[in-house]
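These notes concern the structure reproduced below.
The values are calculated or read from the model by the stated rules, or taken from the named source; none is laboratory data. Here the structure is a predicted model, which means the values were calculated and not measured. Using ideal geometry, Cβ is built from the backbone for each residue, glycine included, and neighbour counts are taken over all protein chains shown. We work out accessible area using only protein heavy atoms, side chains counted, and drop any ligands, DNA or RNA first. Shrake-Rupley method; radii C 1.70, N 1.55, O 1.52, S 1.80 Å.
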Amino acid sequence: MLRLKTMLIPLGMMTAMITASHAADPPPPPALPDYTNPGFANPDTPGLLDGKPAGNVPNTVDINFLKQLAIGSQAEVALGKLARDRGPDPIKGFGKRMVDDHSAANSKLVSLARSAHVELPDKPDAKHEAVQRELSSLQGSAFSMRYLASQIEDHQEAAQLLMHEIGSGQHGGVRQFAAQTLPVVMQHLEHARALQEQLMKEGAPARD
Amino acid sequence: MATRIAVFSSLLMLPLLASRGLGDGLPPDTTYRPLPTAPLDAVKKSDTAAKPAVMQRQARLLSERYDLANRPIPGVKMSGGRKPVQGGVRVKLPAGVTWDQLAAMTPEEITQKGVFPAGFLRLPHVKQASGGQVFPDGEIDEIKAQEQRNLRRFDVDFDLPDHFTPEFPAPIFLQSRPDLGDVSQGKLLTIRNFYSIMVGHVTPVQMEGLRLLLTPFPQEEFNQTEDRKVEEQSNGVACLDCHQNFHTNAAFHLTPDVRPQAARFRLDTTSLRGMFNQQIHGSKRSLRSVEDFTEFEQRTAYFNGDHVSATRKGVHLPDRPNQVAMMAQMQNMIDFPPAPKLRPDGTLDPAKATQQELAGEKIFNGKGQCATCHVPRHDFLDQQMHDLKTERFFASGKVVNDQIVLPDGPIKTFTLRGIKDSPPYLHDGRLLTLADTVEFFNLVLGTKLTQAEKDSLVAYMLAL
């Protein structure tokens, strides 16, 4: 357990560092995705011919992105609650982080989707429901390992979705959201991988 | 213990069996190139209208990161004797720190304070979302004049100032005829003139290889379909459009080996000099022969590693024994430029080298750790890919000009023979001068060199 705590310090520090660097000097203007390949734009996009596709009109990539990310992000909150309430120690903390971060992301997603006139799914998909059912029957380290495996897969998928949106989306607000969210998702992935690695090393249930 | 691990492993397998695959939740075009949705007319108008702002954005990024002034090292020219070599550290320091202060900090401290120089980060493509090959003006003009073939894109132009690019046209040295010296006649080899320039210097097989290396074939941005970035239908590009005279003109591209688009890193064209001793090829693929590379480039450098797109636009699939072998043979004939101060074992001749160059050699082999990978007696190569783990110094995931700041992973060791001829440096061209490379590696390897040691390293590299 001690080892796990030592290992977690750098991650904690990283969050602190990010906060600290923002506090120290005025934050630089966020670098935003600017230009798209118009070859893949919807031909009726206003402003397309002037080289300035309307920043508030979504293309197929934006629409797919909002829907798929919403599915994953809602599931992160649901699964995070399970982990926060039922998981062993370090998993509890990770679960709480998922609940907090993804709840915040979800409310942004909802308002973005509204502005882009995209209808978001209102419940998790079958995959996440299955994971949730499975987790409900597990405890201790079995629970932790299953939860972390699902988190790693989900955050890999989320990172891919965000990167794809940054490169190929068109809606300014949605691309901006993707650019701002990606570093956080990458931290989540790193955190989950570090926890998993540590649990694998211990190779045994830490506590029930 | 073993049993518990076994139980653990079987638990880990569960999600794989139970869930749908990762791809089921991703859009259908995250790996394959999507089909265009807008008509070419509209794309052209849109791209042309956006071009000035796109170029301004890139110019802003370059001037924020680098000192772009034309400041050559007095008396130092590239091997053809025409183009001066730029000097000094050009990567700008973040406010409030010196190079020595940076070198004294730990990677964690540099990350925390956000003081990793921006010029040490990935250099984005001028238009990351479209990517593709971009040629410098000199190449575009010469190909237009000789072949009436248009290499000018309507969406982007080349971004670096001319004084940070290699000599053009570059001299050509043949390892099969070292007695001849530069055989280029000061001309750019093209499909129009190659025979008269190379006749008598090469074998029939090499000549045929050369003809193929100079023959344009369809490419992602230069082809006959509506999915292109050049005004008229194009016959395509030739291998030596980027590798001008078997060297490089600093034309750039995005790596074909990474997805999604925003994660791909920029590629600065590598020189083909000394190909005979290079055993791994490609930015991530580590192909084991130049034959493999030559064959597969028709779907990678040409089509971003998307064989489906290649098929659509007219791929050239050179016949392995009859064409690829000849193209490879020709490439293997190209030598490095002469380095009169180097002895056969790759060490400096003390009778010819200056004190500073000799001091540089010592640092290179010792404190600077350069020779760990750039092995002097093996043409400064080690035939390996190495991960410098630069991500120790910055937080990943930020977006800069539509490109995501990410770890690059392992990249192959490049030769340092004739290195003064090949700016810009590193696989993506993020470093403009040799002095920049010294500062970069001093930080990344934590070698803590003094200013005199850094200067002597640069002097040494100029002698290679």
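If you build the convex hull over the alpha carbons only and average its shadow over all orientations, what do you get for region B:281-327? Give it in nm² to one decimal.
Details: hull surface 12.7 nm².
Value for region B:281-327: 3.2 nm².
Is there a simple number for the mean count of other chain Cβ atoms within 10 Å of the Cβ of residues in A:58-66, and what is it? Could the numbers behind the result be given before it?
Details: counts 0, 1, 5, 4, 0, 1, 6, 2, 0.
Mean shielding by partner chains, rounded to a whole number: 2.
Which of A:Leu66, A:Gln160, A:Tyr147 sits closest to the plus end of the dipole of region A:60-208, meaning its Cα is farthest towards the positive end, when Lys and Arg get +1 and Asp and Glu get -1 on the C-beta?
A:Tyr147
With charges only on Cβ, +1 for K and R and -1 for D and E, what is the dipole size of chain B about its Cα centre, in debye, rounded to 20? Write down the numbers at each step before the final one.
Details: 54 positive and 54 negative charges, 111 e Å.
Using Cβ point charges on Lys, Arg, Asp and Glu, chain B gives about 540 debye.
At a probe radius of 1.4 Å, figure out the B/A buried accessible area, summed over both chains, and give it in Å² to the nearest 100.
Values: alone 20500 and 11500 Å², together 27610 Å².
Adding both sides of the contact gives about 4400 Å².
I'd like the mean, over residues of B:112-119, of how many other protein chain beta carbons sit within 10 Å of each residue's own Cβ. Please report the intermediate quantities before stating the final value.
Values: counts 8, 5, 8, 1, 0, 0, 0, 0.
Across the residues of B:112-119, the mean count of other-chain Cβ atoms within 10 Å is 3.
Note the direction-averaged projected area, equal to a quarter of the hull surface, for the Cα convex hull of the protein assembly as shown, in nm². Let's see the in-between values first.
On the way: hull surface 124.5 nm².
For the protein assembly as shown, averaging the hull's shadow over all directions gives 31.1 nm².
State, to one decimal in nm, how far the label point of B:Glu109 lies from the label point of B:Leu93, with both points 7 Å from Cα in the Cβ direction.
1.5
Let me know the mean shielding of B:27-39 by other chains, meaning the per-residue number of their Cβ atoms within 10 Å of its Cβ. Before the final figure, lay out each step's value.
On the way: counts 12, 2, 6, 8, 2, 0, 2, 6, 2, 6, 9, 12, 2.
The per-residue average across the peptide is 5.
Please calculate how many Å² of accessible area region B:196-321 carries per residue, with a 1.4 Å probe and no DNA, RNA or ligand atoms counted. Could you put the intermediate results ahead of the total?
On the way: 4070 Å² over 126 residues.
For region B:196-321, the per-residue accessible area is 32 Å².
Any residues in region B:382-430 that have 20 Å² or more less accessible area with all protein chains than in their chain alone, probe 1.4 Å, and which are they?
Output list: B:Ser396, B:Gly397, B:Val399, B:Asp402, B:Ile404, B:Leu406.
How big is the Rg/Rh ratio for region B:181-249, C-alpha atoms only, Rh by Kirkwood, two decimals?
Values: Rg = 13.8 Å, Rh = 13.1 Å.
Computed over Cα atoms, the ratio is 1.05.
Measure off, as a whole percent, the carbon and sulfur share of the 1.4 Å-probe accessible area of the protein assembly as shown, all protein chains present.
Working: 15670 of 27610 Å².
C and S atoms contribute 57 percent here.
State which entries of B:Lys44/B:Lys144; A:Lys67/A:Lys127; A:Lys81/A:Lys201; B:Lys341/B:Lys420; B:Lys83/B:Lys448; B:Lys92/B:Lys420 exceed 23 angstrom in Cα-Cα distance in the structure shown.
A:Lys81/A:Lys201; B:Lys83/B:Lys448
Show me the helices of chain B, taken as full DSSP H stretches, that run 18 Å or more along their long axis by Cα and average 0.5 or above in Kyte-Doolittle hydropathy.
Values: long enough: B:2-18 (24 Å, 1.73); B:40-65 (36 Å, -0.61).
Span-like helices in chain B: B:2-18.
When the label point is put 7 Å from the Cα of B:Ser289 along its Cα-to-beta-carbon vector, which residues of region B:325-339 have a backbone N closer than 17 Å?
What the label zone holds, given the 17 Å backbone N cut-off, is B:325-333.
What size of dipole, in debye to the nearest 20, comes out for region B:311-423 about its Cα centre when the only charges are +1 on Lys and Arg C-beta atoms and -1 on Asp and Glu C-beta atoms? Write down the numbers at each step before the final one.
Working: 15 positive and 13 negative charges, 24 e Å.
Dipole of region B:311-423, to the nearest 20 debye: 120 debye.
Is there a quick way to get the dipole size of region A:58-136? I mean about its Cα centre, with the Cβ of Lys and Arg at +1 and of Asp and Glu at -1; what is the value in debye to the nearest 20?
Working: 12 positive and 11 negative charges, 36 e Å.
About 180 debye.
In region B:44-66, what residues drop by 50 Å² or more of accessible area when the other protein chains are put back, versus the chain on its own? Use 1.4 Å, and skip ligands and nucleic acids.
Buried by 50 Å² or more upon assembly, which counts only protein chains, are B:Ser46.
Return the inverse of the average 1/r over all pairs of distinct C-alpha atoms in region B:69-191, which is the Kirkwood hydrodynamic radius, in Å to one decimal. Mind showing how you got there, number by number?
Working: mean 1/r = 0.0544 Å⁻¹.
Computed over Cα pairs of region B:69-191, the Kirkwood hydrodynamic radius comes out at 18.4 Å.
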